[in-house]
1. Looking at the stretch 40-55 only, could you name the residues that are more than 16 Å from the chain's Cα centre (by Cα) and either more than 13 Å from Tyr80 (Cβ to Cβ) or not β-branched (Val, Ile, Thr) (or both)?
2. Filter the stretch 171-214 down to residues that are of a type in the set (Lys, Arg) and over 13 Å from the mean Cα position of the chain (by Cα) and give me whichever is surrounded by the fewest Cβ atoms within 10 Å (Cβ to Cβ).
3. Do we find that Leu69 is under 18 Å from the mean Cα position of the chain (by Cα), closer than 14 Å to Ala172 by Cβ and either buried (at least 22 other Cβ atoms within 10 Å of the Cβ) or of a type in the set (Asp, Glu) (or both) in this structure?
4. Provide a single number: the residues in the stretch 226-277 that are under 22 Å from Leu65 (Cβ atoms), among the hydroxyl-bearing types (Ser, Thr, Tyr) and touching a helix residue (DSSP H, G or I) at 6+ places or on another chain (Cβ under 6 Å).
5. Please specify each residue of the stretch 167-212 satisfying the condition of being in contact with a Phe, Trp or Tyr (Cβ under 8 Å, 6 or more places away or on another chain) and of a type in the set (A, V, I, L, M).
6. Return yes or no: is Gly113 without any contact (Cβ under 8 Å) to a residue 24 or more places away in the chain and farther than 17 Å from Arg316 by Cα?
7. Any residue at all in the stretch 77-98 that is part of a helix (DSSP H, G or I) and either among the hydroxyl-bearing types (Ser, Thr, Tyr) or exposed (fewer than 14 other Cβ atoms within 10 Å of the Cβ) (or both)?
8. Assuming Gly257 fulfils every condition listed in (1) modelled with pLDDT under 90; (2) over 15 Å from Val53 (Cα atoms); (3) surrounded by fewer than 19 Cβ atoms within 10 Å (Cβ to Cβ) apart from one, which condition is it?
Amino acid sequence: MPNCQKCSAAPAVVRHQFTSELLCSTCFTNQFEQEVHDHIQKYNLIPKGSEVVIGVSGGKDSSVLLTVLHTIVNQYPDIYQNVILRMCAVDEGIAGYRKESLDVVYELQKQFGLELKVVAFKDRFERSLDELMTTLHKDPEDVSLACSYCGLLRRNCLSHGAQLFSKEALIATGHNADDQAETVLLNLIRGDYQKLKRSGDQIVDLGVGNPKIKPMSYQSQKQIVLYAHHKKVKYFSTECPYAVGAQRGVARRYIQGASTKDKRVVLKIQDSITDLKRGEGRGPEMNICVECGAALVGSVCQCCQIKQAENEIQLRKVLKTKKV
């Protein structure tokens with residue numbers, strides 16, 4: 001490759017996915033951080049004085065998000081005046097997987113010196129994900145719904161962890177542009193119009209609970225992998241054992257195929273939802289769960305119903321899962 005098109009001094013090692021610029025390692029990581037910073041400022045994701053709880057798993061996306069936010073908050077002290085960063089991890093109770101990824105979380109905590117809360121499924125719902133799957137699915141190979149259960153409970157745990165810091169804290173998640181595009185397609189496939197309208201939101205604020213922000217929602221998975229490599233970010237790279245049966249894989253394969261012809265497809269899908277809902281209302285009015293305070297349309301959230309379920313029959317009724 002020729003020299004970097006930004007600094008002209010160092011050899012280029014990366015081609016930017018969306019701009020096609022040839023960049024050296026330093027210019028690429030600097031530009032990545034600048035793009036995340038610009039995105040935060042465009043949508044006013046982190047106002048001055050905010051307490052930001054970063055959802056960390058030890059994986060690539062959350063580890064990069066932690067690194068970038070820590071970098072830009074210190075790089076722009078006037079813009080991020082009095083912004084406090086925190087960390088929150090969720091222990092789903094997945095044998096042979098979560099302990100190892102949490103070890104990376106503890107390393108990152110030591111590296112950045114931030115306060116950390118860990119919230120476990122077992123403590124919050126009296127069931128680990130492994131126990132939930134054993135109860136609902138007698139066939140150990142049947143893991144197709146694990147991600148649906150896990151996503152529901154993990155979001156609840158992350159919100160609870162943020163509440164332990166502050167009721168006003170923002171929750172920052174490592175969702176990238178690929179994740180956002182996959183979510184749009186999944187909600188379209190499922191016919192979930194209310195969730196489809198929220199798919200492109202940069203700030204998810206239902207009026208109750210802690211608002212959620214996605215500072216990297218316009219960074220592709222490829223760009224994040226490159227940043228992690230050139231910035232030498234610590235992360236746990238093993239895929240979750242339950243991910244093999246996830247429905248999200250259908251959307252992911254479609255996007256991967258489409259991206260070979262149009263490198264900006266993940267951005268276009270995300271932007272299409274923003275255009276679609278322009279001028280529409282925000283959807284149904286949200287209530288607060290009488291048990292835990294989570295945002296919902298009814299009175300008792302699904303997570304609390306899972307906790308209260310005393311047997312397999314009640315658990316299946318809550319999750320609308322048939323016995324197989």
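1. In the first step, residues of the stretch 40-55 are kept if they are more than 16 Å from the chain's Cα centre (by Cα); the result is 41-44, 46-51.
Across the stretch 40-55, the qualifying residues are Gln41, Lys42, Tyr43, Asn44, Pro47, Lys48, Gly49, Ser50, Glu51.
2. Here is the first cut: in the stretch 171-214, the ones of a type in the set (Lys, Arg) are 190, 195, 197-198, 212, 214.
With the extra rule that they be over 13 Å from the mean Cα position of the chain (by Cα), the set shrinks to 190, 195, 197-198.
Values: Arg190: 11, Lys195: 15, Lys197: 18, Arg198: 16.
Applying the filter and picking the extreme gives Arg190.
3. On the way: under 18 Å from the mean Cα position of the chain (by Cα): yes; closer than 14 Å to Ala172 by Cβ: yes; either buried (at least 22 other Cβ atoms within 10 Å of the Cβ) or of a type in the set (Asp, Glu) (or both): yes.
Yes: the conditions hold for Leu69.
4. Residues that pass the stated criteria total 3.
5. Ala177, Leu185, Ile203
6. On the way: without any contact (Cβ under 8 Å) to a residue 24 or more places away in the chain: yes; farther than 17 Å from Arg316 by Cα: yes.
Yes, satisfied.
7. First, the residues of the stretch 77-98 that are part of a helix (DSSP H, G or I): 98.
From what's left, either among the hydroxyl-bearing types (Ser, Thr, Tyr) or exposed (fewer than 14 other Cβ atoms within 10 Å of the Cβ) (or both): none.
Within the stretch 77-98 (the criterion being part of a helix (DSSP H, G or I) and either among the hydroxyl-bearing types (Ser, Thr, Tyr) or exposed (fewer than 14 other Cβ atoms within 10 Å of the Cβ) (or both)), the answer is no, since none of the residues qualifies.
8. The single condition Gly257 does not satisfy is (1).
The values are calculated or read from the model by the stated rules, or taken from the named source; none is laboratory data. Here the structure is a predicted model, which means the values were calculated and not measured. Every residue, glycine as well, gets a Cβ built from its backbone with ideal geometry; the counts of neighbours run over all protein chains shown.
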